[in-house]
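A quick write-up on the structure given underneath.
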Amino acid sequence: MDIFVKGVSFGYSKDNFVLKDLNLKLMAGSFTAVIGPNGSGKTTLLQLLAGLYKPTKGKISYSLPSFSALNKIGFAFQFPEEQFFLNTVFEELAFTFKNKGLVKKDSKLVEEISSFLKSLDIDISLLKKSPFSLSLGDMRLISFANVLVGNKVIILDEPTVSLDGKNKKNVIKLLLKLHEKYKITVIFSAHRLDEAISFAKECLILKDGRIIFKGSVKDIFLKKHPEIFDFLPKPKILSLKEKLALKFPVDLANAFTLEDIVANLVSFQRRSN
Ligand code: ADP
């Protein structure tokens, strides 16, 4: 299901637009990072896409007729773990499964929910625990699984915020799995390029409520839009490439990951020996 944003502006109050004339197409199965400094409009845009707000001007439409974003797009707020309210992880997920009408018989709930978590590589022993007793990393994964139930589009507001390195990786692994294996459309926000550049495919950069870049993450690496770095910190991997390029006469333009960089340097070293 594709999402079309045409001439969309939005203000929380009259005449004070925080999103300005946005035009955008998000294709089914795409994996998009919405990046921008604090206050640039990321959360507002994500909430509009999820149907939580209506545009003040312009239109958001969906390729499926009579599609209801509110029922069919999963939206994970920042710190989604704050939304837990039941005694066990199982009860949290069972509530969502039943609410969405996904399981007819209660006797099937344990089986269905266990296989759902297994499909996402989430440990099913968490089901018995209180959601409030989990580590922040596990809380986050369960929240995202809960938001995903029954949806083909998931929108996440700063999904890795406050997580340490290991838990960040687990969240990224989950998002990649949703995108690559289950062809879920994933849209998420981040305020630094570093948090998205290594794994998202498409990138949308917002500044003061306007889209100032829309394209592949690779284009950012290829420095097609250097003005981006006037207001967003340069990704560490790009700075590393620049430093290495000064030291070694090796072309790293097409190196997009640390692995690419290392492979290029190794082959350069072999050629020089
Ligand atoms: P970001 O997610 O990039 O930090 P937001 O979408 O949260 O940006 O905010 C964009 C602008 O809208 C900011 O100036 C912010 O102060 C304002 N804003 C956000 N939420 C509200 C709200 N509920 N009421 C009024 N203004 C808001």
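The values are calculated or read from the model by the stated rules, or taken from the named source; none is laboratory data. Treat the numbers as computed from the prediction; the structure is a model and nothing was measured. Heads up, the Cβs are rebuilt from the backbone with ideal geometry, glycines too, and the neighbour counts pull from every protein chain shown. Ligands, DNA and RNA are excluded from the accessible area calculation, which covers all protein heavy atoms including side chains. Shrake-Rupley method; radii C 1.70, N 1.55, O 1.52, S 1.80 Å.
Asp219 - would you say it is without any contact (Cβ under 8 Å) to a residue 24 or more places away in the chain and either crowded, with 16+ Cβ neighbours inside 10 Å or in a strand (DSSP E or B) (or both)?
Answer is no for this residue.
Could you list, in sequence order, all residues of the stretch 203-215 that are touching a helix residue (DSSP H, G or I) at 6+ places or on another chain (Cβ under 7 Å) and not β-branched (Val, Ile, Thr)?
Cys203, Leu206, Phe213
Rundown of residues vs (1) surrounded by fewer than 17 Cβ atoms within 10 Å (Cβ to Cβ); (2) among the polar types (S, T, N, Q); (3) more than 30 Å from Ile122 (Cβ to Cβ), yes/no style:
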| residue | (1), (2), (3) |
| --- | --- |
| Leu174 | no, no, no |
| Ile184 | no, no, no |
| Phe213 | no, no, yes |
| Thr257 | yes, yes, no |
| Arg270 | yes, no, yes |
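Find all pairs meeting these conditions: Cβ atoms under 9 angstrom apart; at least six residues apart or on different chains; first residue within the stretch 244-273 and within 22 Å of Leu193 (Cβ to Cβ); second residue part of a loop (DSSP other than H, G, I, E, B) and charged (D, E, K, R).
Ala245/Asp251; Ala253/Lys223; Asn264/Asp251
Return yes when Leu46 is within 16 Å of Asn151 (Cβ to Cβ) and at pLDDT 95 or above and no when it is not.
Yes; evaluated as a whole, the condition is true for this residue.
Over 22 Å from Gly29 (Cβ atoms) and in a helix (DSSP H, G or I): is that true of Ile212 in this structure?
no
Every residue in the stretch 33-64 that is polar (S, T, N, Q) and open to solvent by less than 40 Å² (accessible area, probe 1.4 Å), please.
Residues satisfying the conditions are Ser40, Thr44, Gln47, Ser61.
Of the conditions (1) of a type outside the set (Ser, Thr, Tyr); (2) modelled with pLDDT of 90 or more; (3) open to solvent by less than 100 Å² (accessible area, probe 1.4 Å); (4) closer than 23 Å to Leu48 by Cα, Phe67 clears all except one; give me its number.
That leaves (2) as the condition not met.
Pick from Gly101, Gly58, Gly7, Gly41: which is at pLDDT below 95 and at positive phi?
Within the list Gly101, Gly58, Gly7, Gly41, the selection yields Gly101.
Looking at this structure, is Ser143 open to solvent by less than 10 Å² (accessible area, probe 1.4 Å), among the hydroxyl-bearing types (Ser, Thr, Tyr) and either more than 27 Å from Ala255 (Cα to Cα) or in contact with an Asp or Glu (Cβ under 6 Å, 6 or more places away or on another chain) (or both)?
yes
Given the options Ile228, Ile187, Ile220, name the one that is modelled with pLDDT of 85 or more, of a type outside the set (Asp, Glu) and over 16 Å from Pro37 (Cα atoms). Break it down stepwise before answering.
Values: Ile228 fails: over 16 Å from Pro37 (Cα atoms); Ile220 fails: modelled with pLDDT of 85 or more.
Just a single option satisfies the conditions, and that option is Ile187.
Take the stretch 77-90 and flag every residue that is assigned to a helix (DSSP H, G or I) and surrounded by 15 or more Cβ atoms within 10 Å (Cβ to Cβ).
Within the stretch 77-90, the first condition is being assigned to a helix (DSSP H, G or I), and the residues that meet it are 80-83, 89-90.
Once the filter is applied, which keeps residues that are assigned to a helix (DSSP H, G or I) and surrounded by 15 or more Cβ atoms within 10 Å (Cβ to Cβ), the stretch 77-90 yields Pro80, Glu81, Val89, Phe90.
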